[in-house]
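Enquirer: Quick one: this structure, given as structure tokens, is what I'll be asking you about.
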Amino acid sequence: MVFRMETSIEGVAAGPGGPATPAGTRAPAEPTATAVATATATATAGDEGAETPVPVPAAKAPSSLSPSRAGDFMQCPLLYRFRVIDRLPQKPSEAATRGTLVHAVLERLFDAPAAERTPPRAKALVPGQWDRLRETRPEVEELFADDPEGERLARWLSEAERLVERWFTLEDPSRLEPAERELFVETELESGLRLRGIIDRVDVAPTGEVRIVDYKTGKAPRPEYSEGALFQMKFYALVVWRLKKVVPRRLQLVYLGSGDVLTYDPVVADLERVERKLLALWEAIRLATETGQWRPRPTKLCGWCDHQAHCPEFGGTPPPYPLPVTVAGLDTTRP
Ligand code: SF4
């Protein structure tokens, strides 16, 4: 099927949570654990070592899910807690930052007329988008703080250029007119659960068929793991279906790291299944939020976890739980 993009999908628009993200950045599609109250914790005060209650920000239970945060909970409930409830800081990584940079370049390239969307033009966008990323997210400067000669930065930038160049072997941007780029989407299910996320690209064919495209700067998973990779895409398809009452014709993952394209054509039963799965996941998250029971689930992915120092599996102690906890049916928050 050829998708020539000439129309836009009105209505699949930014929700009240905010539309456009600054170029070069990807807004947090995560549910926000907004500080709404204070809780009491003990802390050492003064030289005497007296324990004095001090207010610490408390968070309310999150009311929305993004594909990333749903994936966190499925990977490890404690990781979800650290990211969403405790909001522990995470260090920027070279790989994730390069992903953000490459996404920004691919998005901006579509500002140019179709005939000018060439590999040299795309590669030429890399330095400017890197500068822009440093302005909007100054913490990424840390990545190369120990590289005064700029050699590692130069290698990192040329790897970003290689990924951008590889895209042209997988898609031809001169023949595409995306209906949307970096599209924030949000919808609320009947249960009250809000689903939100950012779709890299939405294409709409003249026939009205919708294609959802996501760029990955890593390598394609082995076939036995492709279902996990498609979960995010089905999540987006569910949101678009709920918003537009149209089942996207195709979901497309473009893996720039390995030069692969993974596609899937969903049907209503797929999206209903994903919705049931998300509701079950949400119930599990609500239960964990109420009881404070966030189980660590160690896997080989722990090697990439920023929070080992707080994880019991690695001898760490989680920070005090900032939410009221219900124990065995007794709500301890009520007098
Ligand atoms: S180190 Fe592993 S088990 Fe511990 S929080 Fe991180 S992902 Fe979970």
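Read-outs throughout are calculated quantities, based only on the coordinates presented, and are distinct from any laboratory measurement. What you see is a predicted model; the values in this text were computed from it and never measured. Here the Cβ positions follow ideal geometry from the backbone for every residue, glycine too, while neighbour counts run over all protein chains shown.
Enquirer: Given the range 219-335, what whole percent of its Cα pairs are spread farther than 26 Å?
Expert: 46
Enquirer: When each pair of different Cα atoms in the range 94-175 is counted once in the 1/r mean, what is the Kirkwood radius in angstroms, to one decimal?
Expert: Computed over Cα pairs of the range 94-175, the Kirkwood hydrodynamic radius comes out at 13.2 Å.
Enquirer: At a Förster radius of 41 Å, what calculated FRET efficiency corresponds to the Cβ-Cβ distance of residue 111 and residue 227, to the nearest 0.05? Present the calculation step by step, with values, prior to reporting the outcome.
Expert: Working: r = 35 Å, r/R0 = 0.86.
The computed FRET efficiency comes out at 0.70.
Enquirer: So what are the ³J(HN,Hα) numbers for the range 259-267, from phi and the Karplus equation (6.51, -1.76, 1.60; θ = phi - 60°), rounded to whole Hz, Gly and Pro as x?
Expert: x, 10, 10, 10, 10, 8, 9, x, 10
Enquirer: Select from 144, 109, 157 the residue farthest towards the positive end of the dipole of the range 94-175; place +1 on Cβ of Lys and Arg, -1 on Cβ of Asp and Glu, and compute about the Cα centre.
Expert: Going by the charge dipole, the pick is 109.
Enquirer: Here's something else I'd like to know. Label residue 75 and residue 154 with points 7 Å out from Cα along Cα→Cβ: what is the distance between them in nm?
Expert: It works out to 3.3 nm between the two label points.
Enquirer: Another one. For a quick check: sort 304, 167 by the number of other beta carbons within 10 angstrom, fewest at the front.
Expert: The most exposed by this proxy come first: 304, 167.
Enquirer: Looking at the range 185-255, which trypsin sites (Lys or Arg not before Pro) are in a loop (DSSP not H, G, I, E or B) and have at most 15 other Cβ atoms within 10 Å?
Expert: Listed in order of number, the matching sites are 219, 245.
Enquirer: With θ set to phi - 60°, apply the Karplus curve 6.51 cos²θ - 1.76 cosθ + 1.60 along the range 73-85 and write out the HN-Hα couplings as whole Hz, x wherever there is a Gly or Pro.
Expert: Here the 3J(HN,Hα) series is 5, 5, 6, 6, x, 5, 4, 4, 4, 4, 7, 9, 8 Hz.
Enquirer: Something else: I need 80, 255 ordered by Cβ neighbour count within 10 Å, fewest first.
Expert: So the residues, fewest neighbours to most, are 255, 80.
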